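A short reminder: the numbers here are calculations on the coordinates, not readings from a lab. A quick note: this is a predicted structure, and the numbers were derived from the prediction, not measured. Heads up, the Cβs are rebuilt from the backbone with ideal geometry, glycines too, and the neighbour counts pull from every protein chain shown.
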Amino acid sequence: MIILGLDPGIGTMGYGVIEKDARGNCTAVDYGVVRTPPSENLAVRLCILEEGVNALFDKFHPEEAALEELFFSKNVTTGIAVAQARGVILLTCNKRCGRIFEYTPNQIKQALTGYGGADKGQMQRVVAAHLRLPKPPRPDDAADALGVALCHAFTSRFGILFGVK
């Protein structure tokens, strides 16, 4: 099964594509970011994100998509822009595969490390270890997206128990 993990953002959207085999082993297929120019207006930036998500579906044909849920943002303007980006990403994923799952940062940390308070460095090392990568993935947004995909791979069969959306 091919899983697309996404770390939504208006300036940078991280993506991670993993393959989960029948035994539950996961392999990184690709990861990276889609960037939007800060000089562009919001509508153009949202279109760039939509095009980026569509390109990922065209290239990898994921069967399921997993996104990190929006967490509290101290900056209201940034929070609203990220929420709008998430809306475009959710809509695009729904049109392309219809199987979308969302996880909170704590759920992702818990699934990968067994501890909901893991820091970014711990998460990156765990992602690299699970995917047998020689070093933690860069940039951070791509590592986060791989973490979302791994969280889904590890918990999807138990989704009903954990209340996964």
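Things worth noting here:
- Considering every alpha-carbon pair of the chain, the percent of pairs per 10 Å bin, from zero through the bin containing the longest distance, is 11, 43, 36, 9, 0.
- Taken about its Cα centre, the stretch 2-162 carries a charge dipole of roughly 300 debye when the Cβ of each Lys and Arg holds +1 and the Cβ of each Asp and Glu holds -1.
- Pairs of lysine residues in the chain that meet both criteria, 8 or more places apart or on different chains and Cα atoms under 29 Å apart, total 21.
- Within the chain, antiparallel bridges make up roughly 65 percent of the DSSP beta bridges whose residues both belong there.
- A crude spin-label estimate for the pair E51 and R138, with each label 7 Å from Cα along the Cβ direction, gives 2.7 nm.
- Residues M123, M13, M1, ranked from the fewest to the most other C-beta atoms within 10 Å, line up as M1, M123, M13.
- Since only G14, Y103, N75 are under comparison, the one whose Cα sits farthest along the positive direction of the charge dipole of the chain, derived from C-beta charges on Lys, Arg, Asp and Glu, is Y103.
- Comparing mean-square fluctuations of I100, I89, I80 from a GNM of the chain with C-alpha springs under 10 Å, the top value falls on I80.
- Axis of helix 140-155 versus longest Cα principal axis of the chain: the two differ by about 50°, to the nearest ten degrees.
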